[in-house]
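**Q** Before I ask anything, here is the structure I am working with.
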Amino acid sequence: MGEWYYIGHYGQLGPLTREQIDELIESGVVARETYVWRAGMGDWLPADRAPELMEAFRRTEPYNTPPPPPMDRPPAMPTQPIARSYGYDAAPVAPSPNYPAYNLAKSDKSRTLGGVLQLLIPGVGRIYLGYSAIGVLQLVLTPCMGIGYVWSLIDGIVVLAGGVKLDGYGRSLND
């Protein structure tokens, strides 16, 4: 039974089992400064201050940082900032400790299935991909003059076109 919660890019996520939270720590989704909570804790704490999670951070410490490249000559300075695109024309964003570009966990969810579900039944594709709030909102707005249906139709096309790269837990979607 899931008892752990954490604050991710999309707000509060959970409940998660201890094994799931350990997997997210190992993959770098939950970093040391990510706030976590479970029943019995007084308040939200940074993950590295939760006594139960300290061992998980010790196990992954050598793996969280990539090895430095071989140094035959001094590295060249990049001419442009590192950019990540979410399917739209996004401003360049450098990788942060909470979202390392080199260490994304793979999701068990399929982008194609999520997009098809989104086209067929408003909101269900978003719920499948882990975005429950958006999916429920689309379902609720569907009877209101079809606003939710149009939104869901456009959203399904965006998902199928690759505009959604991560699931609701910040893991990389399968194609």
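The values are calculated or read from the model by the stated rules, or taken from the named source; none is laboratory data. Remember, predicted model here, so these are calculated numbers, not experimental data. A quick note on method: Cβ atoms are made from the backbone with ideal geometry, for glycine too, and the neighbour counts reach across all protein chains shown.
**Q** May I ask you to list the residues in segment 8-22 that are within 11 Å of the chain's Cα centre (by Cα) and either outside any strand (DSSP E or B) or buried (at least 16 other Cβ atoms within 10 Å of the Cβ) (or both)? It would help to see each step written out before you state the result.
**A** Our first condition is that a residue be within 11 Å of the chain's Cα centre (by Cα); within segment 8-22, this holds for 8-11, 13.
G8, H9, Y10, L13, listed by residue number.
**Q** Is one or more of the residues making up segment 23-35 touching a residue at least 24 places away in the same chain (Cβ under 8 Å), of a type in the set (D, E, K, R) and surrounded by 20 or more Cβ atoms within 10 Å (Cβ to Cβ)?
**A** Scanning segment 23-35, I find no residue that is touching a residue at least 24 places away in the same chain (Cβ under 8 Å), of a type in the set (D, E, K, R) and surrounded by 20 or more Cβ atoms within 10 Å (Cβ to Cβ), so the answer is no.
**Q** All but one of (1) under 27 Å from Y131 (Cα atoms); (2) modelled with pLDDT of 85 or more; (3) surrounded by 11 or more Cβ atoms within 10 Å (Cβ to Cβ) hold for M54, so report the exception by its number.
**A** (1)
**Q** Tally time: how many residues in segment 23-33 are farther than 19 Å from K165 by Cα and either hydroxyl-bearing (S, T, Y) or part of a helix (DSSP H, G or I) (or both)?
**A** Total meeting the criteria: 3.
**Q** Give the number of residues within segment 135-145 that are closer than 24 Å to G11 by Cα and surrounded by fewer than 20 Cβ atoms within 10 Å (Cβ to Cβ).
**A** Number of matching residues: 5.
**Q** Also: Of the numbered conditions (1) buried (at least 18 other Cβ atoms within 10 Å of the Cβ); (2) under 21 Å from the mean Cα position of the chain (by Cα); (3) not in a loop (DSSP other than H, G, I, E, B), G148 satisfies every one except a single condition; which is it?
**A** Checking G148 against (1) buried (at least 18 other Cβ atoms within 10 Å of the Cβ); (2) under 21 Å from the mean Cα position of the chain (by Cα); (3) not in a loop (DSSP other than H, G, I, E, B), the one that fails is (2).
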